[in-house]
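Chemist: Here you go, one structure.
The values are calculated or read from the model by the stated rules, or taken from the named source; none is laboratory data. These numbers come from a predicted model, not from an experiment. Here the Cβ is made from the backbone with ideal geometry for all residues, glycine too, and neighbour counts use every protein chain on show.
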Amino acid sequence: MDLLGIALGLTVGVILGLIGAGGVMMTIPILMVAVDFTIVQAATGSLLVVVAASLAGIFGRGMAQVRLRYAIILGLIGAPFASLGSFIAVRLSETWLEILLVGIMFYAAYSMWNRATEDQGKSEPQVSLKALLVIGAIVGFVTGLVGISGGVVLIPAMVLRMGLSISVATATSLLIMLSNSAIALIWRVIDGVPMNGDDWNLVYMIAALAAIGSYTGANFASKIKKKLLQRIFAFFLVILAVALILELLGVWEL
């Protein structure tokens, strides 16, 4: 692995630790470019990278930021609805799904930017079980339908609909991402993946770099004002949306 691979691994970790989203979306192309993996190998390796980076990000932010009850309920209710979304997605036009995703991203970015606050002195609202079930179902369905990292959809939902701070939403999202990626990784390993010992060693190196970057990003996030952090996330969504538009226009491929 060259210096480019090292730099990209650290970058993925920093972004994931800072905003809690985009891990798989960034890691798959990085593994394909930096270490010449196939899409199958990259998809599998990315899961381990996200597990390591998410765990480091949680430690960097502190468990006090994680809302375990929300993570468990959102994760459990989201899984079957994500399967439903995936079932429907394969029967729809890929182009229309990407257009829908772009619309969701722009709406979330606009809302996150304009509703960004410091929430100083505000008590954290108690979210009812009914609201959690509805949000979990919607987020899971949308995630499965458009096939994007859960954090991209989940964090705006937790901030805008549940009233959580961006810091709490990000830490909780990292825990959900950690559990989902770990389960998916276990199933892939059980099914068998075309990767040898050298391939796994490269993944371990990228995962270690991503974990260092994530821990650093998470620590840095605690020093950033919540309003600015929320707007950084909104800007990240706009970048992803623009990248998808460029792909739709045939300018480049993600």
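Chemist: Looking at region 86-103 only, could you name the residues that are in contact with a helix residue (DSSP H, G or I) (Cβ under 9 Å, 6 or more places away or on another chain) and modelled with pLDDT of 80 or more?
Modeler: Phe87, Ile88, Ile99, Leu100, Val102, Gly103
Chemist: Given the condition more than 17 Å from Gly13 (Cα to Cα) and among the small types (Gly, Ala, Ser), answer yes or no: does some residue in region 186-209 qualify? Walk me through it before giving the result.
Modeler: Keep residues of region 186-209 that are more than 17 Å from Gly13 (Cα to Cα), which gives 186-201.
In the following step, the residues that additionally are among the small types (Gly, Ala, Ser) were identified as 192, 197.
Yes - at least one qualifying residue is present in region 186-209.
Chemist: Oh, and also: Arg69 - would you say it is at pLDDT 80 or above, out of contact with any His (no Cβ under 8 Å at 6 or more places or on another chain) and outside any helix (DSSP H, G or I)?
Modeler: No; evaluated as a whole, the condition is false for this residue.
Chemist: It is to be established whether one or more residues within region 141-150 are under 22 Å from Asn219 (Cβ atoms), among the hydrophobic types (A, V, I, L, M, F, W, C), surrounded by 22 or more Cβ atoms within 10 Å (Cβ to Cβ) and under 14 Å from the mean Cα position of the chain (by Cα).
Modeler: Within region 141-150 (the criterion being under 22 Å from Asn219 (Cβ atoms), among the hydrophobic types (A, V, I, L, M, F, W, C), surrounded by 22 or more Cβ atoms within 10 Å (Cβ to Cβ) and under 14 Å from the mean Cα position of the chain (by Cα)), the answer is no, since none of the residues qualifies.
Chemist: Quick one: in region 29-66, of everything that is among the polar types (S, T, N, Q) and at pLDDT 85 or above, which residue is nearest to Leu8 (Cα to Cα)?
Modeler: Ser54
Chemist: Additional query: Pairs only if they're at least six apart or on different chains, beta carbon under 7 angstrom, first in region 66-85 and without any contact (Cβ under 8 Å) to a residue 12 or more places away in the chain, second surrounded by fewer than 20 Cβ atoms within 10 Å (Cβ to Cβ) and charged (D, E, K, R); list them, first residue then second.
Modeler: none
Chemist: How many residues, within region 75-115, are of a type outside the set (S, T, N, Q) and not in a helix (DSSP H, G or I)?
Modeler: Step one: list which residues in region 75-115 are of a type outside the set (S, T, N, Q), which gives 75-82, 84-85, 87-92, 94, 96-110, 112-113, 115.
Imposing the further condition that a residue be not in a helix (DSSP H, G or I) reduces the set to 90-92, 115.
Result for region 75-115: 4.
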